[in-house]
Amino acid sequence: MAEESTTGCDSEKVTLAVAAKAFGVTRRTIERWIEAGRLEKLKDGSKSCVRMGEVRALRAAMKAENGKTDNGGEEITLSLSRFEELISENGALERQAEFLLENLTLKEAREKDLEDARRKILEQERLIGRLEGQLEALKPRVSWWRRIIRKDREGSSDY
């Protein structure tokens, strides 16, 4: 049985998009068939659906009429279990895509935060450099002769 979260409708109904995939046509073609009375449109919450039985019957009728579907090509037959399996896989892939998109968004946010932190570090390093320069300018200058005398007193003079 198809899961409600995968098809958007209960197990006896499929969304118009799913029915379109089953026929190999666009959703608009399914809507035109509904307008023409070939299928009955049902509402399942906010989703528009058609009955699986009607989809099968219309496929069989179209096959009997001209031996092929309205997609202008070969008919593609799919067992109901394989169809439901594909719908389930599609749902899993959609969830995975949402997960990856969410992770990408988080990664981009982290990269922006990291770039902001790098920018702040550079600003702080520049500020430290300026402050060190100012500190160096405030240190008292010892004349050359005082440095020599100090070396002599410490016993480290080269004389």
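The values are calculated or read from the model by the stated rules, or taken from the named source; none is laboratory data. Note that the structure is predicted; figures quoted are calculated from it, not measured. Virtual Cβ from ideal backbone geometry, glycine too; neighbours counted across all protein chains shown. Only protein heavy atoms, including side chains, enter the accessible area calculation; ligands, DNA and RNA are left aside. Shrake-Rupley method; radii C 1.70, N 1.55, O 1.52, S 1.80 Å.
General observations
- Residue selected from segment 16-33 under the condition assigned to a helix (DSSP H, G or I) and open to solvent by 30 Å² or more (accessible area, probe 1.4 Å), by the criterion farthest from LEU86 (Cα to Cα): ARG32
- Check on LEU135, surrounded by fewer than 10 Cβ atoms within 10 Å (Cβ to Cβ) and farther than 30 Å from MET52 by Cα: yes
- Residue in segment 41-53 that is at pLDDT 85 or above, of a type in the set (A, V, I, L, M) and outside any helix (DSSP H, G or I) present: yes
Yes/no per residue for (1) modelled with pLDDT of 90 or more; (2) out of contact with any strand residue (DSSP E or B) (no Cβ under 6 Å at 6 or more places or on another chain); (3) of a type in the set (Gly, Ala, Ser); (4) in a helix (DSSP H, G or I):
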position: THR77; (1), (2), (3), (4): no, yes, no, no
position: LEU86; (1), (2), (3), (4): no, yes, no, yes
position: ALA92; (1), (2), (3), (4): yes, yes, yes, yes
position: GLU98; (1), (2), (3), (4): yes, yes, no, yes
position: LEU101; (1), (2), (3), (4): yes, yes, no, yes
position: ARG146; (1), (2), (3), (4): no, yes, no, yes
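- Pairing each residue of segment 38-65 that is open to solvent by 40 Å² or more (accessible area, probe 1.4 Å) with any residue that is among the β-branched types (Val, Ile, Thr), provided the two are 6+ apart or on different chains, yields C-beta distances under 6 Å for LYS41/ILE34; LYS47/THR15.
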